[in-house]
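Okay, so here's the structure we're looking at.
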Amino acid sequence: MIIKERGITEEVYTMYSGMKTGDIINQIGDVKCEATLNWVESLDVNIDRTVIVGAYITGMKLAERFKEFSKVTVIDIHPHLESLLGDGVHFTDDLTRISDADLVIDTTGLGGLSPESVREFVNSDVSLFMVEDPTSDGSDNSIMEKSNITERLELASSQYKGILKTGGLNTKTSGTMTMTIEILRNSLHDLLKSKGVLYGVAGMNFYEGVLFKEKNYPKFTKLMTEPAMIISALQPISPDDTMEEYLQKIDSVVADVSI
């Protein structure tokens with residue numbers, strides 16, 4: 001629910017979006033999860049054990065969904081990220097757990113899981129191997145050259161292989177946080193052009209710095225619950241409507257690259 005209050009004078013309103021920054025992150029994550037689930041279900045393979053490499057945002061969301069029907073293990077080198085995961089998910093930094101899975105999902109992106117690790121651990125006992133493509137529809141050549149997901153997929157011995165591709169906002173990467181910031185940035189830009197809008201503040205922060213540098217999970221959680229947008233205007237206006245328009249543009253699909 002949008003909160004509306006009078007501003008400094010009776011001529012001005014201040015509108016706090018009902019949508020929190022965490023809501024945007026969750027909705028983007030849900031789009032990626034649906035694409036992943038659709039691919040897995042289309043293959044009609046029994047999934048008892050799922051291993052997700054990378055706990056941050058996409059991995060966290062996928063763990064929530066896949067634990068509903070399989071045993072889920074999340075692998076990450078950052079032990080404090082275990083705080084992101086709910087009950088019923090095993091957390092470890094042991095890459096050998098990959099070999100025990102029916103389904104392996106690699107969300108580590110640029111500079112993440114090495115091709116050598118894929119060759120060693122994603123063996124023929126792993127039925128499905130999916131990699132999240134870190135690039136997106138606005139990627140520049142430098143970012144695309146840094147991505148080695150094609151090599152990872154080629155070295156995997158699994159029967160089925162897929163690439164999770166997400167776009168729609170012309171961003172340089174497909175990272176959930178990248179897309180969240182892009183929605184906030186574009187929405188604020190659009191709202192500032194509306195008649196009667198004095199100024200606005202978007203919930204943009206260096207969230208990765210809070211989580212990975214400060215390692216402050218309580219602070220990160222608090223930031224996620226703050227309004228995604230605050231607008232000062234002469235008349236009531238809905239920041240949520242603008243952000244929702246951008247959320248609807250996001251599209252995610254798994255391209256099957258099984259040989």
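The values are calculated or read from the model by the stated rules, or taken from the named source; none is laboratory data. Nothing here was measured: the structure is a model prediction, and the numbers come from that model. In this analysis, Cβ positions are derived from the backbone assuming ideal geometry, glycine residues included, and neighbour counts consider all displayed protein chains. Calculation scope for accessible area: heavy atoms of the full protein, side chains included, ligands and nucleic acids excluded. Shrake-Rupley method; radii C 1.70, N 1.55, O 1.52, S 1.80 Å.
Scan segment 111-134 for residues that are among the hydroxyl-bearing types (Ser, Thr, Tyr) and over 16 Å from Gly54 (Cβ atoms) and report the count.
Quick first cut of segment 111-134, residues among the hydroxyl-bearing types (Ser, Thr, Tyr) only: 114, 117, 124, 127.
Next, only the ones that are over 16 Å from Gly54 (Cβ atoms) stay: 124, 127.
Counting residues in segment 111-134 that are among the hydroxyl-bearing types (Ser, Thr, Tyr) and over 16 Å from Gly54 (Cβ atoms) gives 2.
When you scan segment 1-104 for strands (runs of 3 or more DSSP E) that lie fully inside it, which ones turn up with 1 or more residues that are surrounded by 15 or more Cβ atoms within 10 Å (Cβ to Cβ)?
Details: elements: 3-6, 13-16, 49-53, 71-75, 89-92.
Ranges flagged: 13-16, 49-53, 71-75, 89-92.
With the requirement that a residue be within 11 Å of Asp48 (Cα to Cα), touching a helix residue (DSSP H, G or I) at 6+ places or on another chain (Cβ under 9 Å) and without any contact (Cβ under 8 Å) to a residue 24 or more places away in the chain, what does segment 58-80 give you?
Across segment 58-80, the qualifying residue is only Val72.
With surrounded by 20 or more Cβ atoms within 10 Å (Cβ to Cβ) and part of a loop (DSSP other than H, G, I, E, B) as the only criterion, which of Leu164, Leu169, Leu188, Leu153 stands out?
Numbers: Leu164 fails: part of a loop (DSSP other than H, G, I, E, B); Leu188 fails: part of a loop (DSSP other than H, G, I, E, B); Leu153 fails: part of a loop (DSSP other than H, G, I, E, B).
It is Leu169.
Assess whether Asn141 counts as being in contact (Cβ under 8 Å) with a residue 12 or more places away in the chain and not basic (Lys, Arg). Break it down stepwise before answering.
Numbers: in contact (Cβ under 8 Å) with a residue 12 or more places away in the chain: no; not basic (Lys, Arg): yes.
Answer is no for this residue.
Residues of segment 202-226 being in contact with a helix residue (DSSP H, G or I) (Cβ under 8 Å, 6 or more places away or on another chain), outside any helix (DSSP H, G or I) and open to solvent by 30 Å² or more (accessible area, probe 1.4 Å), which ones?
Within segment 202-226, Met204, Asn205, Lys215, Asn216, Thr225, Glu226 qualify.
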